Amino acid sequence: MSADQQRILVRAAREVIPGQIVNLGIGLPTQLFHHLPEEMEVLVHSENGVLGCRPRRDDEAPDWDMIDSGGAYIATRPGASVFDSAMSFAMIRRSRVDVTFMGAFEVDELGNLANWKIPGKFSPGIGGAMELAQKVKRLVILCSHNDKHGNPKILHRCRLPLTAKRCVSRIITDKAVMDVTPQGLAVVDIAEGLGIDELREATEANLIVDEQRLGRF
């Protein structure tokens, strides 16, 4: 895992509040498991039908029936529940999940999310992301600030097919933490050693910056 990914996950762990029901999306968000304090009372939800997931320890034999949304083997904490996917999605649709963390190809100033399809490339389908994005109380995006070619992923408007409209609450990248507000993207934190002008240069979307209240991470 890269230093930039570690930076994202360490900052994202601060978003989780004890007592919450938390959903972790495919990819980088599943690694958030390993950055939550072991003693924290949090119930991790998987749309596969588990409430109370935890990471499998290296010395534990895998349970072939227990996987997360990305297909990795997981374990359960005391008091965990296992149920069918209909019940799992009923929880999502009734907004019983407090926060979900997802990756993204693109996010824009309106809080629109594109994270399921790049035209011309194979996609297994939109999956549970569409439901989670629309129904979960709070959606936090974890992604790199720019793609592998250096192009911004934080845009004025998404260009790729949308997963859901106006669904994102907060965006955490390797360069900044930004909140979606009616006025635009408000920068909450900026990465250590990065200047505001550098951040603006790496971002297509307009940014609202209050230097007096700006944090570092």
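Readers should treat all values here as calculations from the given coordinates under stated rules, not as data from a laboratory. If you're wondering where the values come from, they're calculated on a predicted model, not measured in any experiment. Here Cβ is always computed from backbone atoms with ideal geometry, including for glycine, and neighbour counts include all displayed protein chains.
For segment 36-147, the calculated P(r) over all alpha carbon pairs, in 5 Å bins from 0 to the bin holding the longest distance, is 2, 10, 18, 21, 20, 15, 10, 4, 1, 0 percent.
Only one of the values (i) 1.01; (ii) 1.25; (iii) 1.08 was calculated from this structure for Cα Rg over 2.2 N^0.38 Å; name its label. Checked against the structure: label (i). Evaluated with a Cβ-only charge set (Lys, Arg +1; Asp, Glu -1), the chain carries a dipole of roughly 700 debye about its Cα centre, given to the nearest 20. Distance from the alpha carbon centroid of segment 57-130 to that of segment 28-55 works out to 11 angstrom. Name the shape class, rounded, prolate or oblate, that the alpha-carbon gyration tensor gives for segment 31-82, where a ≥ b ≥ c are the square roots of its eigenvalues, rounded holds for a/c under 1.5, and otherwise prolate holds if a/b is larger than b/c and oblate otherwise. Rounded.
Compared with the direct C-alpha span, the chain from Glu211 to Ala86 gains 40.3 nm at full extension, assuming 0.36 nm per residue. For segment 117-217, GluC sites (Glu not before Pro) are listed when DSSP marks them as loop and at most 14 other Cβ atoms sit within 10 Å of their Cβ; the list is Glu192, Glu211. Per-residue 3J(HN,Hα) values for segment 208-217, derived from phi via the Karplus relation 6.51 cos²θ - 1.76 cosθ + 1.60 with θ = phi - 60°, read 9, 10, 10, 4, 6, 10, 6, x, 10, 8 Hz in sequence order (x marks Gly and Pro).
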